[in-house]
Amino acid sequence: MKKTILALAVTVFMAGTVFMSCQSSAEKVDEAKENVVQAELELNQAIKDSIVQFRKESELKISAYDQSIADLKAKIATEKEDARATYEEKIEELEQKSDLLKTKLNDFKDDEIDKWNSFKNEFNRDMNDLGTALKNFTIKNK
């Protein structure tokens with residue numbers, strides 16, 4: 001009899017422990033919602049951090065391109081007048097592209113996270129085009 005009562009007591013204790021440790025489905029849903037909200041906040045913060053980093057890197061590249069343009073202006077000062085006029089036109093185009101990139105970068109708002117990837121891809125393509133144009137500027141076709 002003692003064994004039966006002891007077995008029954010242990011079984012009731014274990015069942016009570018299991019029952020008390022289980023979360024209700026409403027609690028699980030609430031916890032899952034909190035986890036989703038937290039994950040979204042972390043994702044948005046990570047994207048904003050990448051935007052800040054991208055801005056810094058892009059501003060440095062644009063500054064380097066502006067320096068290259070200034071160097072090219074100094075180089076063409078010694079060229080013949082007819083060649084200088086052509087080079088000045090090309091340099092003016094490069095300056096306009098550089099200014100356009102600065103404007104695009106400054107006009108992009110941090111709250112446009114959903115448009116970030118398309119902006120970044122387009123901006124990088126434009127930056128690469130400007131860099132290529134600067135590299136190819138001094139190549140003389142014969």
(message) Using a probe radius of 1.4 Å on heavy atoms only, what accessible surface per residue do you get for the range 27-98? Whole Å² is fine.
(response) 74 Å²
(request) Please name whichever of Trp116, Thr132, Leu101 sits farthest to the positive end of the charge dipole of the range 100-139, dipole taken about the Cα centre and charges placed at Cβ: Lys and Arg +1, Asp and Glu -1. (result) Thr132
(request) For the range 53-117, list log₁₀ I(q)/I(0) at each q in 0.14, 0.23 Å⁻¹, using the Debye formula over Cα point scatterers of equal strength and ignoring solvent, two decimals each. (result) -0.53, -0.95
(request) Could you look at the range 61-142 and say what percent of its accessible area is carbon and sulfur, using a 1.4 Å probe and all protein chains? (result) 46 percent
(message) Rounded to the nearest 20 debye, what is the charge dipole size of the range 33-142 about its Cα centre when +1 sits on each Lys and Arg Cβ and -1 on each Asp and Glu Cβ?
(response) 500 debye
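The values are calculated or read from the model by the stated rules, or taken from the named source; none is laboratory data. A quick note: this is a predicted structure, and the numbers were derived from the prediction, not measured. Glycine also receives a Cβ, built like all others from the backbone with ideal geometry; neighbour counts cover every protein chain displayed. These accessible areas exclude ligands, DNA and RNA; they are computed on the full protein's heavy atoms, side chains included. Shrake-Rupley method; radii C 1.70, N 1.55, O 1.52, S 1.80 Å.
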